[in-house]
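Okay, structure first, notes after.
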Amino acid sequence: MKGKITILINRDSTTIELADEKSGVRFVEITLTPEQLSAALSRISMTDCEFITRGLDVIGKRHEWETFEFMIPENVLVLDKSGYAERLANHANTLLSDGWEAEGYFGSQNSFFTKDGKNWARCTIRRYV
């Protein structure tokens, strides 16, 4: 597989990030203290470090995205704004198939519109194949 590496050396710590080129996901973030960085650069094997992993399920898969428009049902339209984006994303996900998932962000200027007298929403959907 092909990937990308980023090394960010700061006074208090060094961060090393690894990204999968195909999916575009930064799947490992390693944090080293100055002492750990010195040890690793001095060829001391198995140097202790802290790391975070994410997105391991999409490594090696191609990222696709599209714009998705859907009519907002009356039961989702409520005056209570808390959780509104989550409810819209959940509804959009019930309309999607083939691994597509709604991003859940509805804060852009063109997220909502009216068509044929009905309320519609627009969002980004993503999948990895």
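Yes or no, residue by residue, for (1) outside the structural domain of CYS123 (by TED's automatic domain parsing); (2) touching a residue at least 12 places away in the same chain (Cβ under 8 Å); (3) among the β-branched types (Val, Ile, Thr):
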site	(1), (2), (3)
ASN10	yes, no, no
LYS22	yes, yes, no
PHE27	yes, yes, no
SER38	yes, no, no
THR47	yes, yes, yes
MET71	no, yes, no
HIS91	no, yes, no
ASP98	no, yes, no
GLU101	no, yes, no
Matching entry among LEU56, LEU37, LEU8 (being at pLDDT 95 or above and crowded, with 16+ Cβ neighbours inside 10 Å)
LEU37
Of the listed residues (PHE112, PHE51), the one being modelled with pLDDT of 95 or more, surrounded by 11 or more Cβ atoms within 10 Å (Cβ to Cβ) and among the aromatic types (Phe, Trp, Tyr) is PHE51
Any strands (runs of 3 or more DSSP E) falling wholly within the stretch 36-129 and containing at least 2 residues that are under 29 Å from GLU21 (Cα atoms)
50-53, 63-71, 118-128
Tally the residues that are part of a loop (DSSP other than H, G, I, E, B) and either out of contact with any strand residue (DSSP E or B) (no Cβ under 9 Å at 6 or more places or on another chain) or closer than 26 Å to GLU64 by Cα (or both), restricting the search to the stretch 1-35.
10
Which ones in the stretch 30-89 are out of contact with any helix residue (DSSP H, G or I) (no Cβ under 9 Å at 6 or more places or on another chain) and among the hydroxyl-bearing types (Ser, Thr, Tyr)?
THR31, THR33, SER38, SER42, SER45, THR53, THR67, SER82, TYR84
Within the bounds of the stretch 43-55, is there any residue that is acidic (Asp, Glu) and within 27 Å of the chain's Cα centre (by Cα)?
yes
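The values are calculated or read from the model by the stated rules, or taken from the named source; none is laboratory data. Remember, it's a predicted structure, so these values are computed and weren't measured experimentally. Note that each Cβ is placed from the backbone with ideal geometry, even for glycine, and that neighbours are counted across all protein chains shown.
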